[in-house]
């Protein structure tokens, strides 16, 4: 362990600045010289494992994610942006980009953000291109950036929700009944279940005049409990949520409101699935999602959300990511958590990935071992969900939820029993055709961005697009 090294100067600098430290003060805390720390931050010296452990111990972060927040998404993501035709005459090679990262990582990040804002470069970074039709709305992107900055783990909210959950359990073993009673006694709010035709188009409504939390009859028991817990979060975690929102310093209102809604939902889920009890259940059951649903009275999507948040210092769970897409492949939820998985960041997905297949097998949990071009393997679990909004004759929404985990960490999963994560058969996938350079893929729909097409009328390969591989 002490011999392992990595270059992560940008991450060390971010930790130092987040704690308001000078290089001299941080160097003293780590028992190294300021000049040595300066070299580390400039990526001119590697970060040894021993120093990494000191950093993690002193500044409370997960060392597994130290390299996850690479400026601009990393060297390859910057190179994909630079493959835009506007830079065609510059001939910027990989070595120049690597030198840029070493000398000025913040400048690389600034370029990436500016390019993404002006030309939709987020798609180039994650595997798209200039032909991409839309960009993730800024409000959604800004809220998601803040969530990922915390790796979707909010320790203060978890601690408060856990204490509240313990208090509620003492009053009533039925969580929904306990929340109902607390709302009535402490906040003078009653809960009323109303027919669909009384409040069409709504699942939850707070009527302050009648002092009622009104819930639609369309909601199943898990969703009713969550809605009640959500209201409790708005009342009893307001100060903590306000502080987190204020600390985010949003520049526009929509992103702030989305972030606040996420934090309120986070607290509600933490009341339903208190951290310590939930983690113990995960480890005891092998993260068996069906058992967890029954044990905590939660839905599949609620469990999936919660699994991305288990990053408490000293009590960490497995670092899952979560993705929710529709049949068209559009994502409506993405949480990388502590996984640092590129499968979350890409706007386009490989059709060979089984997350798309689950729509043909509704309600079936589909495991899949996949391998990316860089050789990394990911174990994913996908299943369809149907939000509680449908009535006879109306459109029924359907989404695919995908949970994923670095295959090297997937052995404890009940769903992974019998799967050889290291040498077993894995489906080779990419991050969408424009970002994928696998040459013989028969499923390819577009050539890789920035690669020159090659034509030979005498030959026809497996793929409809032949391209320069250099």
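Couple of notes before you dig in:
- Peptides 357-363, 226-232 ordered by packing proxy, namely the average of other Cβ atoms within 10 Å per residue, highest first: 226-232, 357-363.
- Gap separating the Cα centres of segment 366-444 and segment 173-198, nearest whole Å: 38 Å
- Its relative contact order, with pairs defined as Cα atoms under 8 Å and 6+ residues apart, puts segment 155-272 at 31 percent.
- Relative contact order of segment 326-440, defined on C-alpha pairs under 8 angstrom at six or more residues apart (%): 29 percent
- Three-way shape call for segment 429-469 based on the alpha-carbon gyration tensor, with the a/c threshold at 1.5: oblate
- Cα-based shape type of segment 232-369, given that a ≥ b ≥ c are square roots of the gyration tensor eigenvalues and the cut on a/c is 1.5: oblate
- Note: relative contact order over the chain, using C-alpha pairs below 8 Å and six or more positions apart, is 13 percent.
- Cβ crowding within 10 Å, taken as a proxy for footprinting-reagent exposure, orders 347, 181, 457, 99 from fewest neighbours to most as 457, 99, 181, 347.
- Angle between the chain longest axis and helix 9-18 axis [Cα atoms, degrees, rounded to 10]: 40 degrees
- When you count the other C-beta atoms within 10 angstrom of each residue and take the mean per peptide, 311-320, 294-303 line up highest first as 294-303, 311-320.
- Cα gyration tensor shape of segment 173-310, rounded if a/c is under 1.5, else prolate or oblate by comparing a/b with b/c: oblate
- Spin-label model, residue 159/residue 315: points 7 Å from Cα along the beta carbon direction are separated by 1.2 nm.
- Calculated FRET value between residue 409 and residue 357, using beta carbons and R₀ = 22 Å, to 0.05: 0.40
- Each peptide in 400-410, 187-197 gets a packing score, the mean of other Cβ atoms within 10 Å over its residues, and the list from highest to lowest is 400-410, 187-197.
- Modelled label positions at residue 169 and residue 149, each set 7 Å beyond Cα in the direction of Cβ, lie 3.4 nm from each other.
- Helix 275-285 and the longest principal axis of the Cα set of the chain meet at an angle near 70°.
Values quoted throughout were computed directly from the atomic coordinates according to the rules given, and no laboratory measurement underlies them. All values reported here derive from a predicted model rather than from experimental measurement. Positions of Cβ are generated from backbone atoms using ideal geometry, with glycine treated the same way; all protein chains shown enter the neighbour counts.
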